[in-house]
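A.B. asks: There's a structure below that I have some questions on.
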Amino acid sequence: MKTELWVKNGYVFTSEGFRFASIKIKNGKIEALQDCEIEPQKEYENNMIDAGGCLVVPGFIDAHVHFNDPGRTDWEGIETGSKAAAIGGTTTIFDMPLNCYPSVKNMVNLQNKRDYLNSNSYIDYALWGGMTGHNVQDKAELTQMSEGIIGWKAFMSDSGIADFPYVAPAQLTQAMKIAAEQNKILALHAEWQEEINSLTIFYKNQNNINERMAFLASRPISAEEQAVNTALELAAKYGTAIHFVHISSPKVVERIQQAKKSGMNVTVETCPHYLIFDEEDFLKTGAILKCAPPLRPREDVEGLWECISNGWIDTIGSDHSPCLYSMKNTTSIWEAWGGIQGVQFTWLALLDEALKRRIPLKKVLPLGAENVAERFGISEKKGSIQPGLDADLVLISLDETTVVDQPSIAFRNKYSPYENRTFLLKVKKTILRGKVIYDDQTGVTEEKYGQYIQPRK
Ligand SMILES: [Zn+2]
């Protein structure tokens with residue numbers, strides 16, 4: 001049976017920039033790129049997608065989502081989460097080991113989660129493993145787990161999840177050693193718990209200061225700096241590959257850039273919310289924009305875009321961390337769940353912002369595709385548009401807009417800080433391994449084509 005598909009007349013994003021071209025797809029893989037003047041053979045007429053001058057970019061790889069399955073499906077779930085991701089142009093996610101229940105911190109939980117997700121995802125996925133205060137001493141267990149995970153995730157501060165305790169400073173050495181021995185990347189939530197603890201106690205007792213301001217003040221940039229500095233020092237000593245997730249401050253990115261320049265194996269992620277919203281938005285909006293680290297002053301938002309222009313940020317992940325609305329609608333900001341619901345809008349929001357700022361898309365797109373694939377060892381399959389790779393593609397129109405309203409939200413709980421925003425572009429189609437899984441006219445396919453990605457050894 002022929003499984004060829006052609007995507008013609010698109011501005012295809014390649015390593016040399018955008019090229020007006022047609023893409024020939026065979027058996028789910030990209031077979032060739034060719035100039036549009038060459039008409040595909042007649043026999044392919046029924047397997048032809050006319051991109052009509054849309055941008056055709058690699059399917060986004062979101063290395064940072066919490067889809068909460070199994071165990072907390074009422075917060076999200078693989079079905080709703082992956083559907084929302086597909087609508088937003090994401091074709092691969094790496095699911096975090098916490099916020100599902102139980103957390104992925106032993107082999108049994110890892111295996112159970114893998115079985116549970118099987119044939120329930122619209123898009124491809126890999127799994128993070130959790131290194132915690134509970135299991136960091138259990139080398140045998142961690143060794144067994146390492147073959148099934150894309151990397152390790154650990155917290156240097158409270159995770160907010162009872163069965164995922166943070167790795168205390170005294171345990172960090174062990175975490176670094178194990179990750180290095182296994183040749184696995186250690187992704188870190190880098191905030192310094194001790195500083196947060198004392199500031200939280202202090203600010204909770206200040207009655208003359210607005211509660212939202214108090215929350216911001218309890219998690220300053222200095223807590224990120226302290227954590228990053230400590231981690232870098234240890235990583236240098238043990239040769240550990242580190243990936244700092246959701247860094248919120250340009251100052252901290254610059255520190256990581258210095259480490260990179262000195263030859264360290266380190267990368268840095270930021271998230272769309274740090275590039276779009278600032279602390280004033282949080283003060284106005286409240287819990288829906290509560291996250292950790294918190295939103296920062298506008299000058300830091302601007303600084304992060306400069307970091308992107310400089311090529312200092314490696315990846316962008318949504319850190320989609322959903323919850324029930326009731327968990328946001330609390331009397332005190334301190335009690336509200338920290339996390340942003342945004343997986344569906346990550347790339348619409350970012351590309352919209354980049355276009356407005358006149359930042360070339362070639363500086364931004366790799367942060368959601370090629371860089372992620374390279375860092376996590378899946379670049380032989382994913383992350384760019386070239387022959388031999390999976391045909392994971394997104395068709396984006398710059399002539400249409402996307403309005404975010406409640407009915408358009410596909411993730412489980414229908415609220416998001418992106419609500420009421422209009423983006424000056426639209427995802428027309430999302431293609432996963434040669435299959436159209438989302439079309440803006442007909443929606444997401446019924447079949448769930450998502451496959452588990454076995455990490456490289
Ligand atoms: Zn997260």
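Any read-out appearing in this document is the output of simple, stated calculations on the displayed coordinates, not a laboratory observation. Keep in mind that what you see is a predicted model, and the values were worked out from it rather than measured. Glycine also receives a Cβ, built like all others from the backbone with ideal geometry; neighbour counts cover every protein chain displayed.
A.B. asks: Suppose every Lys and Arg Cβ carries +1 and every Asp and Glu Cβ carries -1, with no other charges. What dipole size does region 59-375 come out with about its Cα centre, to the nearest 20 debye?
C.D. replies: Its charge dipole is roughly 340 debye.
A.B. asks: Along the charge dipole of region 1-133, which of ALA51, PRO70, GLN111 sits closest to the positive end, that is, farthest toward it, with unit charges on the beta carbon of Lys, Arg, Asp and Glu (+1, +1, -1, -1)?
C.D. replies: With unit charges placed on the Cβ atoms, the residue in question is GLN111.
A.B. asks: Let me ask you something else. Compute the helix-to-body angle for 250-261: its Cα long axis versus the longest principal axis of the chain, expressed 0 to 90° and rounded to tens.
C.D. replies: With both axes taken from Cα atoms, the answer is about 80 degrees.
A.B. asks: Right, here's the next one. Where does helix 78-87 land angle-wise versus the long Cα axis of the chain, in degrees 0 to 90, nearest 10?
C.D. replies: Tilt of helix 78-87: around 60 degrees.
A.B. asks: Right, here's the next one. At 0.36 nm per residue, minus the direct Cα-Cα distance, what do ALA168 and ARG456 gain on full extension? Give it in nm, one decimal, please.
C.D. replies: 100.8 nm
A.B. asks: Something else: Rounded to the nearest Å, what's the spacing between the alpha carbon centres of region 11-75 and region 176-214? Just the number, please.
C.D. replies: 40
A.B. asks: At 37 °C and a viscosity of 0.692 mPa s, what translational diffusion coefficient does Stokes-Einstein give for the chain, taking Rh as the Kirkwood radius over Cα pairs? Give it in µm²/s as a whole number.
C.D. replies: Value of D from the Cα-based Kirkwood radius: 148 µm²/s.
A.B. asks: Now, a different point. Go through 337-344, 158-165 and give me the packing order, highest mean Cβ count within 10 Å leading.
C.D. replies: So the order, starting with the most tightly packed, is 337-344, 158-165.
A.B. asks: Moving to a separate point now. To the nearest 10 degrees, how steep is helix 221-238 against the longest Cα principal axis of the chain, on a 0 to 90 scale?
C.D. replies: 80
A.B. asks: Along the charge dipole of the chain, Cβ charges K/R +1 and D/E -1, which of THR330, ALA236, ASN208 sits furthest on the positive end?
C.D. replies: Result: ALA236, furthest along the dipole toward the positive end.
A.B. asks: Report the extension gain between ASP439 and TYR415 in nm, rounded to one decimal, defined as 0.36 nm multiplied by the number of residues separating them, less their alpha carbon distance.
C.D. replies: 6.4 nm
A.B. asks: Which pairs break 27 Å Cα to Cα here: LYS381/LYS435; LYS26/LYS428; LYS153/LYS290; LYS261/LYS290?
C.D. replies: From the list (LYS381/LYS435; LYS26/LYS428; LYS153/LYS290; LYS261/LYS290), the Cα-Cα distance tops 27 Å for LYS261/LYS290.
A.B. asks: Tell me which trypsin sites (Lys or Arg not before Pro) from region 331-430 have a DSSP coil assignment and no more than 15 other beta carbons within 10 Å of their own.
C.D. replies: On the way: sites: LYS356, ARG357, ARG358, LYS362, LYS363, ARG375, LYS381, LYS382, ARG412, LYS414, ARG421, LYS426, LYS428, LYS429; in loops: ARG357, ARG358, LYS381, LYS382, ARG412, LYS414, ARG421.
Hits after loop and neighbour filter: ARG357, ARG358, LYS414.
A.B. asks: Would you work out the charge dipole size for region 257-365 about its Cα centre, treating the Cβ of every Lys and Arg as +1 and the Cβ of every Asp and Glu as -1, and quote it to the nearest 20 debye?
C.D. replies: Numbers: 12 positive and 14 negative charges, 63 e Å.
With Lys and Arg at +1 and Asp and Glu at -1, about 300 debye.
A.B. asks: I want to check the label-to-label distance for GLU45 and ASP115. Put each point 7 Å from Cα in the C-beta direction and report it in nm to one decimal.
C.D. replies: Placing both labels 7 Å beyond Cα along the Cβ direction yields 5.1 nm.
A.B. asks: Based on the Cβ-Cβ distance of GLN386 and VAL108, what FRET efficiency does E = 1/(1 + (r/R0)^6) give at R0 = 41 Å, to the nearest 0.05? Walk me through the numbers on the way to the answer.
C.D. replies: On the way: r = 39 Å, r/R0 = 0.96.
With R0 = 41 Å, the Cβ-Cβ based efficiency is 0.55.
A.B. asks: Okay, moving on. Sorted by mean Cβ packing within 10 Å, highest first, what order do the peptides 393-402, 89-98, 286-295, 53-62 take?
C.D. replies: My ranking of the peptides, most packed first, is 89-98, 53-62, 286-295, 393-402.
A.B. asks: Oh, and also: Relative to a virtual label point 7 Å from the Cα of THR230 in the Cα→beta-carbon direction, which members of region 161-186 show backbone nitrogen distances below 12 Å?
C.D. replies: Residues passing the 12 Å test: 166-173.
A.B. asks: Rank by packing, highest mean first: peptides 9-21, 435-447, with packing defined as the count of other Cβ atoms within 10 Å averaged across residues.
C.D. replies: Highest mean packing first, the order is 9-21, 435-447.
A.B. asks: Related question: Add -39500 (n - 2.57) for each DSSP H run of 4 or more in the chain, then divide by its residues: what number comes out at 222 nm, to the nearest 500 deg cm²/dmol? Could you put the intermediate results ahead of the total?
C.D. replies: On the way: 14 runs with 139 residues, N = 457.
Helix-only estimate at 222 nm: -9000 deg cm²/dmol.
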